[in-house]
Amino acid sequence: MVCKLSTRLMNICVASFCKVQQLERAEAVIVDAIRLGTLPDVVTYNTLVAAYCRFVDLDAGYSILNRMTEAGIYPNVITYNSLIAGASNRSLLSRCFELFDEMIMLGITPDVWSYNTLMHCFFKLKKLDEADKVFDDILMSKLSPCSTTFNTIFNGLCKNGHANNALKLYRYYKKNGFIPQLITYNILIDGLCKSGRLRAARWVLKELGESNLEPNASTYTTVMKYCFRSGQFEEGMEVFYEMKNKGYTYDAFSYCTVSSAFAKIGRLEEAHKCYELMVEKGIELDIVCYNILVNMYCIGGRLEEVYNLLNEIEQAGLKCDEYTHTTLIDGLCRAGNIDGALKHLRYMDTLGFDSNLVAYNCMVDRLCKAGYINKALKIFGTMDVRDCITYTSLVHNLCKERRFFTASKVLLACLNQGMKVFRPTQRVVLKGLRSSGLDSEARKLQAKIRLARILQ
DNA sequence: GTAGGGTTAG
């Protein structure tokens with residue numbers, strides 16, 4: 001009984017240190033406990049696995065699994081769920097599946113948490129059918145889906161551009177007894193805002209207002225961002241102040257949202273002030289905060305300082321991501337250094353990011369605007385992946401140069417891919433073709449546009 | 001031990 005109590009006490013101490021990222025002290029507690037005759041149990045090791053996955057890396061978490069096995073303690077479903085979650089959070093998605101299989105091979109039965117995380121992974125990989133199969137597996141097994149299962153589905157649908165379906169499903173489950181939580185509302189409001197379903201987003205927000213739940217910092221940041229995106233700057237700032245009045249302390253999320261909104265409308269001093277406040281409040285800067293600062297300097301043409309900042313990022317032990325590089329490429333173009341931007345784009349290609357699409361889109365647009373439209377067309381020709389922004393940008397710039405025939409060809413290629421170009425741009429192409437006497441090309445394009453609208 | 005908000009381009 002005494003031993004049991006001391007194991008519990010040891011685990012409480014270990015968990016407390018792990019929670020505040022003091023892993024060495026957590027380990028020291030275990031060493032002391034062993035010296036006093038208390039051995040760590042599965043709970044101790046699971047706490048360490050979760051902490052190492054969270055604060056160090058997946059391999060560090062996995063090495064704890066080896067340590068516990070050597071100590072004769074067998075992992076359980078919680079051990080593996082922590083490892084799977086660790087892999088998922090670090091976007092090591094193939095590792096998630098490997099760990100899931102490993103768990104089953106060891107005879108450990110997955111629980112609803114394991115399935116939820118697995119489903120989340122499939123959504124991250126945009127494999128909606130596979131995610132759906134996991135949900136079927138939950139239903140077919142003796143497990144019951146929990147609120148996180150439903151929230152994971154809503155979130156996965158929203159993140160994959162199906163906010164509408166998420167909303168429909170939410171209504172259906174709500175009718176059948178699902179009780180929404182604050183996180184459910186936050187997921188739906190954000191998803192609907194991002195997909196432009198603003199009326200529906202307001203409706204869900206109203207539903208939240210009528211519920212007994214109180215919006216939190218996450219809700220406020222989402223709504224604030226929607227205001228900024230739709231050009232309602234003052235309204236966005238009102239949300240920011242309301243958030244403070246409600247007693248929420250600003251965090252990196254809210255500061256970043258406001259700072260980038262200021263930068264976007266050219267109020268760089270105020271944008272920088274937000275950043276300074278963030279530092280003053282002791283908020284640890286992550287790569288997103290730095291990216292906003294990089295963008296701020298790029299907009300202000302302070303390229304020298306951007307390079308200093310890149311060093312600072314490295315010194316802080318952070319890694320530049322695709323946002324950092326894309327922002328820098330755009331900044332170089334903005335400063336007229338097209339060659340430097342092209343060179344950096346090539347360099348970015350070697351870094352192995354999942355997608356350099358935005359960087360390429362920046363390059364295409366900036367090349368056009370700098371008068372190098374043929375160079376832009378050449379880059380466009382080398383792109384493996386294009387989206388509606390690539391096409392819209394190129395078509396728009398070709399029209400500005402009165403190259404309507406080429407614009408029409410690019411637009412047709414876009415429609416053939418099942419993508420849309422901004423409607424006013426489509427009209428400019430048609431008008432331009434007709435005014436240039438290219439009536440048959442105009443008719444062909446018009447027919448294609450109509451067909452594309454029907455097929456939408 | 002799972003799920004939500006912040007950064008880039010038209």
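No value in this document is a laboratory result; all are computed from the given coordinates. If you're wondering where the values come from, they're calculated on a predicted model, not measured in any experiment. Positions of Cβ are generated from backbone atoms using ideal geometry, with glycine treated the same way; all protein chains shown enter the neighbour counts.
If only residues of region A:346-364 that are polar (S, T, N, Q) and within 10 Å of DNA strand B (Cβ to nearest atom) are counted, the one that is farthest from the chain's Cα centre (by Cα) is A:Asn361.
Annotation note: of A:Thr79, A:Thr69, the sole residue that is out of contact with any Cys (no Cβ under 6 Å at 6 or more places or on another chain), part of a helix (DSSP H, G or I), of a type in the set (Ser, Thr, Tyr) and in contact (Cβ under 8 Å) with a residue 12 or more places away in the chain is A:Thr79. Would you check which residues across region A:142-162 are near DNA strand B (Cβ under 10 Å from one of its atoms) and charged (D, E, K, R) and list them? The one that is near DNA strand B (Cβ under 10 Å from one of its atoms) and charged (D, E, K, R): A:Lys159. Which of the residues belonging to region A:236-254 are more than 7 Å from DNA strand B (Cβ to nearest atom), surrounded by 15 or more Cβ atoms within 10 Å (Cβ to Cβ) and either among the hydrophobic types (A, V, I, L, M, F, W, C) or assigned to a helix (DSSP H, G or I) (or both)? Across region A:236-254, the qualifying residues are A:Gly236, A:Met237, A:Val239, A:Phe240, A:Met243. When we screen A:Lys409, A:Lys420, A:Lys444 for residues that are assigned to a helix (DSSP H, G or I) and under 30 Å from A:Asp354 (Cβ atoms), the only hit is A:Lys409.
With respect to (1) in contact (Cβ under 8 Å) with a residue 24 or more places away in the chain; (2) crowded, with 20+ Cβ neighbours inside 10 Å; (3) among the β-branched types (Val, Ile, Thr), the lone exception for A:Ile64 is condition (1). Set side by side, the residues A:Leu318, A:Leu398, A:Leu310 differ, and just one is surrounded by 18 or more Cβ atoms within 10 Å (Cβ to Cβ) and not small (Gly, Ala, Ser), which is A:Leu398. Scanning region A:123-146 for residues that are in a helix (DSSP H, G or I) and within 16 Å of A:Asn81 (Cβ to Cβ) returns A:Val134, A:Asp137, A:Ile138.
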